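Written below as structure tokens is the structure these notes are about.
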Amino acid sequence: MFYQLIATPTEVLVWAAVLHLVADWLLQTEWMALHKTSLRHAASWAHAGVYALCMALVFPLLVAILIGLAHLLVDTRAPVHWWMRTLKGMSATAPGANVVEIGVDQSIHVIVIALAALAMPWY
């Protein structure tokens, strides 16, 4: 929607990061947070939908939907736990793993947004 007004990938990244915080923290309800790890639960799809709508403010709709789907998959925690186990050598039950899990989750989300922002000139 507003992506036509944003001139550079850096501006897209900045605004998308702000919208990420809004969608993933301020607009995420307790219901979404408790059930977003299951693709069979409506909460995961509702959270991804809200997230995609926020991203649609700075990305073309198709790109926003793809970012929302990536967000949905990351929130299942499967890629997060894989990263922690395989690349960090840390189990999901290790002391402090909950903090590391949030950090890995948020890092992956921001990386997805950054890659989409870098691709903006080719849309």
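Check off (1) buried (at least 19 other Cβ atoms within 10 Å of the Cβ); (2) at pLDDT below 95 for I67 and give me the number that stays unchecked.
So the condition that I67 fails would be (2).
Checking the condition buried (at least 16 other Cβ atoms within 10 Å of the Cβ), more than 23 Å from L118 (Cα to Cα) and either without any contact (Cβ under 8 Å) to a residue 24 or more places away in the chain or in contact with a Pro (Cβ under 7 Å, 6 or more places away or on another chain) (or both), which residue from A94, A46, A52 passes?
Working: A94 fails: buried (at least 16 other Cβ atoms within 10 Å of the Cβ); A52 fails: more than 23 Å from L118 (Cα to Cα).
Being buried (at least 16 other Cβ atoms within 10 Å of the Cβ), more than 23 Å from L118 (Cα to Cα) and either without any contact (Cβ under 8 Å) to a residue 24 or more places away in the chain or in contact with a Pro (Cβ under 7 Å, 6 or more places away or on another chain) (or both) holds for just one of A94, A46, A52, which is A46.
Go through (1) touching a Leu at 6+ places or on another chain (Cβ under 7 Å); (2) within 19 Å of R77 (Cβ to Cβ) for M55 and report which single condition fails.
Evaluating M55 over (1) touching a Leu at 6+ places or on another chain (Cβ under 7 Å); (2) within 19 Å of R77 (Cβ to Cβ) leaves (2) as the failure.
Within segment 1-42, can you find the residues that are in a helix (DSSP H, G or I), under 13 Å from H71 (Cβ atoms) and in contact with a Ser or Thr (Cβ under 8 Å, 6 or more places away or on another chain)?
If the condition is that a residue be in a helix (DSSP H, G or I), under 13 Å from H71 (Cβ atoms) and in contact with a Ser or Thr (Cβ under 8 Å, 6 or more places away or on another chain), then M32 is the only one that fits.
The values are calculated or read from the model by the stated rules, or taken from the named source; none is laboratory data. Here the structure is a predicted model, which is why all the values come from computation and not from measurement. We place every Cβ from the backbone using ideal geometry, glycine too, and count neighbours over all the protein chains shown.
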